[in-house]
Amino acid sequence: MVSPPDAAKPASVAGQTAQAVPTRTEQRASPGSPVPIAAADRADIRPLDVTGALQILISEVRAELDAALLSMGAESPPESGARPENPQAAVLSLLESVLPAYLQDPQDLAAFSRAVPSLDSARQTGTLRALDLVASWKEVPAAAVEAVKQAVAGAGNLLDEDTVTPLWLLAEWASLAPKLERYRRRRRRLRRWLTDPDFKSAPLDEEQPPR
């Protein structure tokens, strides 16, 4: 379970926050249940700012992806440590965490088809948990909730393999563009692999020699 950043609450209530938010084990014991924070436990917690809310989103998504990778015997990529201050920066941070999970090597399309459902589910679980945590925070500003929603929508848009977007033409996206394009090609090739019998022997990445 990931607590909001220290900048968003005083250190003296860190323990109260940890007790107030259920652990992932508790949450998984009752799927679909909300993420309540008792009013008494929330009494001394400061309202989140936008940066704190976005950090919750990144931390929760990252934690779920790390757990999924661990269950598959794969290594987790290093964390960037970024603290985005706006939704666009949060989208960049999210993709820096998400894309390496889908670009693990070596893989073939069969292995990729087994990994994708777990990774998709982990990303969705982390996203929903973050939205619940932020929305249930005491006196959370509407701007903080909206920033998280915008970051989620922006990341989802870019991870859609059929979406055409010029975002990676911006200078700050230059280093991420090749990974994003490789991810989207893999998703398109997986979709074809699942439906086209003649594509079963195709490599996962186009640059790989046929097997």
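Using the average count of surrounding beta-carbon atoms within 10 Å as a protection proxy, the listed peptides 56-62, 144-150 rank, highest first, as 56-62, 144-150.
Partner aspartates and glutamates whose Cα lies under 16 Å from the Cα of Lys138, excluding those fewer than 8 positions away in the same chain, are identified as Asp6, Asp41, Asp44, Asp49, Glu146. Remark: the stretch 72-211 carries 52 Å² of accessible area per residue (probe radius 1.4 Å; ligands, DNA and RNA excluded). Across the stretch 45-82, the residues whose backbone nitrogen lies under 16 Å from the label position 7 Å along the beta-carbon direction of Asp105 are 75, 77.
Would you please put 119-128, 104-113, 180-189 in order of how densely packed they are, using the mean number of other Cβ atoms within 10 angstrom per residue and starting with the highest?
Listed from highest to lowest mean packing, they are 119-128, 180-189, 104-113.
Under the convention that each Lys and Arg Cβ holds +1 and each Asp and Glu Cβ holds -1, the size of the dipole of the stretch 66-196 around its Cα centre is about 400 debye.
The values are calculated or read from the model by the stated rules, or taken from the named source; none is laboratory data. These numbers come from a predicted model, not from an experiment. Heads up, the Cβs are rebuilt from the backbone with ideal geometry, glycines too, and the neighbour counts pull from every protein chain shown. Please note that ligands, DNA and RNA were not included when accessible areas were found on the heavy atoms of the full protein model with its side chains. Shrake-Rupley method; radii C 1.70, N 1.55, O 1.52, S 1.80 Å.
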